[in-house]
Amino acid sequence: MDQLAAVEEKTVEVFGMKLRYLEAGPANAPTILLIAAPFLRKETWQLTGHFDAFAAQYHVYALDNVGQGNSDKPLINYSIGTLVDFLGGFMDAVKIQKASLVSTSIGAWAIIVFALRNPDRVERLILITPEGIAPQPGELNPRGVDLNPATLEGMRRTLDVLFFDKATWTNDQTVKALFSDKMQADYSFVFQKLIESGFVRGEFMVDAQQLSQLRVPTLFVWGQQDEIVTLSYGRRYASLVAGARLLVIENAGHLPQLERPAVFTSAALEFLSGR
């Protein structure tokens, strides 16, 4: 198979907006599309080693969806539906007919909706701690929707609830770096609109009847110590999708792929191979 020389960062126009993405891997291999959570960036997949591990066997794209990372952030009324529409537009623009989709949190919620609308375009799903079903009492931490802090101390509290390993992820250097990133006015606008749409108005929630129609092989991934959406929520979610697997990663919170990257990568590659 022909190899791309290296990871390439590219730009494509979708609905008049410029979306940035990374691309690498054997040109004729099956396609994997990595979409970070709206509060992360496409480069996160590189920092944890996931991108390179996948690109050794697959043709891999890592996307900054609209409103995210280095992609355009128009002042529009963002919702899960916005992310879904731009994901489909991106796949059309770069001529991806079918791919395995991987995402986290709100991003994972969006790819569930995409798969329900476009089952013929999805090979497999890897869903890392998605929201998207109505929570039962105690399953959703209200602090989990406050990921747009306006102070350094607020950022520290946010990281404290996101991660199990508090010492590593709430140190001063990490807090200041992430706080600086989140101070972008456009980022604040995007995330607030997504929260209002998904969590305040409950738009694009999926139910048991809809999830029973999800026919693609699906892997749910949950941190055992997730403080934002509990493991019981994850177990209930996975039980609604026929044949779905649930991987529980110990000593990890809401972003288990960041806290335990080797565990996640190994399980993801096994699942993608069909084993």
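At-a-glance table
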{"item": "Order of 59, 50 under a 10 Å beta carbon neighbour criterion, fewest first", "result": "59, 50"}
{"item": "Residue exposure sequence - 120, 72 - by fewest surrounding Cβ within 10 Å", "result": "120, 72"}
{"item": "For segment 265-273, Karplus couplings with θ = phi - 60° (6.51, -1.76, 1.60), whole Hz, Gly/Pro x", "result": "4, 4, 5, 5, 5, 4, 5, 5, 6"}
{"item": "Cα shape, the chain, gyration tensor, a/c 1.5 rule", "result": "rounded"}
{"item": "Footprinting exposure proxy for 168, 158, 48 (fewest neighbouring C-beta atoms within 10 Å first)", "result": "168, 48, 158"}
{"item": "Gaussian network model of the chain, Cα within-10 Å springs - most flexible of 41, 235, 117", "result": "117"}
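Here, each number is a calculation from the coordinates, and none is a lab measurement. Remember, it's a predicted structure, so these values are computed and weren't measured experimentally. Please note: Cβ atoms are built from the backbone with ideal geometry, for glycine as well, and neighbour counts cover all protein chains shown.
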